[in-house]
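Heads up: the structure comes next, in structure tokens.
The values are calculated or read from the model by the stated rules, or taken from the named source; none is laboratory data. Note that the coordinates shown come from a computational prediction; the quantities given were computed from them, not determined experimentally. Positions of Cβ are generated from backbone atoms using ideal geometry, with glycine treated the same way; all protein chains shown enter the neighbour counts.
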Amino acid sequence: MHPTLDLVIRNGSVVTPESVRISDLGIFDGHIVTVAPTIAGVAVEEIDATGLHVFPGILDAHVHFNEPGRTDWEGLSTGSSALAAGGGTWFCDMPLNSTPPVTDALRFAEKRRLAGQKSVVDFSLWGGLVPDNLDQLEELSDVGVIGLKAFMCGSGIDDFQGVTDAATLRKGMKRAAALGLLVAVHAEDEAMARQLTADARARGSTDPRSWLATRPVEVELAAIRTAIELAGETGCDLHIVHVSSPEGVELVSAAKRMGVKVTAETCPHYLLLNEEDVVRQGAVAKCAPPLRAENLRREMWNEIGRRSIDTIGSDHSPAPPSMKTSPDFFEIWGGISGCQHAFPLLISEALSGAFPGAHALPALASLLADNVARRFRLPKKGRLAEGFDADFSLLDLNSPHELSNAALLYHHQQGPYHGRKSRVRVKRTLVRGRTVYREGLIASGRPAGRFLQPSI
């Protein structure tokens, strides 16, 4: 044993993408230095994890923490705390909901400064790709953005315009490719969605089912096809976020087989909820692309089993209750708050039979951690192995309980999982060997989060 180990985790079931094995973890200076059946000796601190699973820290590459500017929606402190309570140890914040949005180096620097002061977990930042910032992409690359986010439809934010025409998106992708920058796209076809919305408005429709009908699967598929075509033309590294349908996953898989550099992210809500939840719950379950029919939800789990989906991100997108209240469902802000309850619930659902196979935990360790680290070039993250950061949570997989909004650490205690049953409880979350969350409480003291930029 290392003579000065800071921490030993004993007798936990350690989850890797390959297996689940009872092991000890030895930690020194924030890193895992030993993984063994038994680690002899005594460390400064020991944690008995008997009966618990040691799960790699969840890496959430898709959150909207809205700071600076919209802290009445969510902030970096509350958002990162909620993520830690859900087993998360890193996030990458989207560029659009802060005021101003992150579309140049100066705005990036301000968000990085605030996150360094407030985040309880490690973090990276997306930059924006909008029609009027193509000349700022190089400076965003220089300051260390994880990649660029573009909307192929309206973003809902006035000062973050969508790249809705193929010519501009092609130009942006070409510049991103030259800089070695990943481009993530919100893939919905603006023209199709706008026409369907206009038709619904002409009929005087205001209800949830009418809104759902304006965002059918084909709206997503049309945009994915365009994005893939442009990625093939430009050589751009493409990431399709929040893919909601098995047909969308198949488009990405087919493109991979043709040599296009493209990956697919889905979100927990497309695996846990369906369109009837939108009708029943209303605003808290509204998102874009929308929740799909139950048969498509089940098929998305089959895509998980086929390893066709690359990563899972929460797309945690909060808003004040006032923006979630209107008799006109079309006017309600779309976005699901989910980074705290969704990930443990996803594991619970998988273990309860949703995952089509016997290797649910290793598969989810890949989708929630290892694959994310690889995709976004974070070499010390995503695995419980020697040389990696000591980022993990201790999970009790046999702790049946009912989820409650009252336990949420978000700025606004609202979400679509209230009342759901779960068998998985996050007991403790550690970032680089430091406990940041334990038994419902965030650790006191200075926030532990550090900024990470992608490795070259």
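Only a single criterion out of (1) part of a loop (DSSP other than H, G, I, E, B); (2) crowded, with 21+ Cβ neighbours inside 10 Å; (3) among the small types (Gly, Ala, Ser) is not satisfied by GLY79, namely (1).
For beta carbons closer than 7 Å, sequence separation of 6+ or different chains, a first residue in region 440-455 that is within 16 Å of VAL143 (Cβ to Cβ) and a second that is part of a loop (DSSP other than H, G, I, E, B) and small (Gly, Ala, Ser), the qualifying pairs are GLN453/GLY144.
Could you please let me know if ALA167 is closer than 25 Å to GLY305 by Cα, surrounded by fewer than 22 Cβ atoms within 10 Å (Cβ to Cβ) and at pLDDT 95 or above?
Numbers: closer than 25 Å to GLY305 by Cα: no; surrounded by fewer than 22 Cβ atoms within 10 Å (Cβ to Cβ): yes; at pLDDT 95 or above: yes.
Considered against the rule, which asks whether it is closer than 25 Å to GLY305 by Cα, surrounded by fewer than 22 Cβ atoms within 10 Å (Cβ to Cβ) and at pLDDT 95 or above, ALA167 comes out as no.
Going by the structure shown, is ALA354 surrounded by fewer than 24 Cβ atoms within 10 Å (Cβ to Cβ) and in contact with a Phe, Trp or Tyr (Cβ under 8 Å, 6 or more places away or on another chain)? So ALA354 fits the description; yes. Considering region 404-456, the residues that are surrounded by fewer than 18 Cβ atoms within 10 Å (Cβ to Cβ) and hydrophobic (A, V, I, L, M, F, W, C) include one that is nearest to SER314 (Cα to Cα), namely ALA407. Taken over region 154-168, residues that are among the aliphatic types (A, V, I, L, M) and over 24 Å from SER317 (Cα atoms) amount to 2. Checking VAL284, VAL278, VAL219 one by one, the residue that is under 26 Å from GLY172 (Cα atoms) and of a type outside the set (Lys, Arg) is VAL219 and no other. Selection over region 276-324 of residues that are touching a residue at least 60 places away in the same chain (Cβ under 8 Å), assigned to a helix (DSSP H, G or I) and of a type in the set (D, E, K, R) gives a count of 2.
Residues in region 245-262 that are touching a residue at least 12 places away in the same chain (Cβ under 8 Å) and in a helix (DSSP H, G or I): PRO246, GLU247, GLY248, VAL249, GLU250, LEU251, VAL252, SER253, ALA255.
Just wondering, is there one or more residues in region 263-271 that are in a loop (DSSP other than H, G, I, E, B), buried (at least 23 other Cβ atoms within 10 Å of the Cβ) and of a type in the set (Val, Ile, Thr)? Before you say what the answer is, go through the steps one by one.
First, pick out the residues of region 263-271 that are in a loop (DSSP other than H, G, I, E, B): 267.
From what's left, buried (at least 23 other Cβ atoms within 10 Å of the Cβ): 267.
Of the ones still in play, those that are also of a type in the set (Val, Ile, Thr) are none.
No; the residues of region 263-271 include none that is in a loop (DSSP other than H, G, I, E, B), buried (at least 23 other Cβ atoms within 10 Å of the Cβ) and of a type in the set (Val, Ile, Thr).
For region 411-445, the candidate set comprises residues that are among the basic types (Lys, Arg), assigned to a loop (DSSP other than H, G, I, E, B) and in contact with a helix residue (DSSP H, G or I) (Cβ under 9 Å, 6 or more places away or on another chain); within that set, the residue that is farthest from GLU349 (Cα to Cα) is ARG420.
Would a scan of region 185-201 turn up a residue that is crowded, with 23+ Cβ neighbours inside 10 Å and aliphatic (A, V, I, L, M)?
Yes - at least one qualifying residue is present in region 185-201.
Taking the numbered list (1) assigned to a helix (DSSP H, G or I); (2) buried (at least 18 other Cβ atoms within 10 Å of the Cβ) in turn, HIS242 passes all entries but (1).
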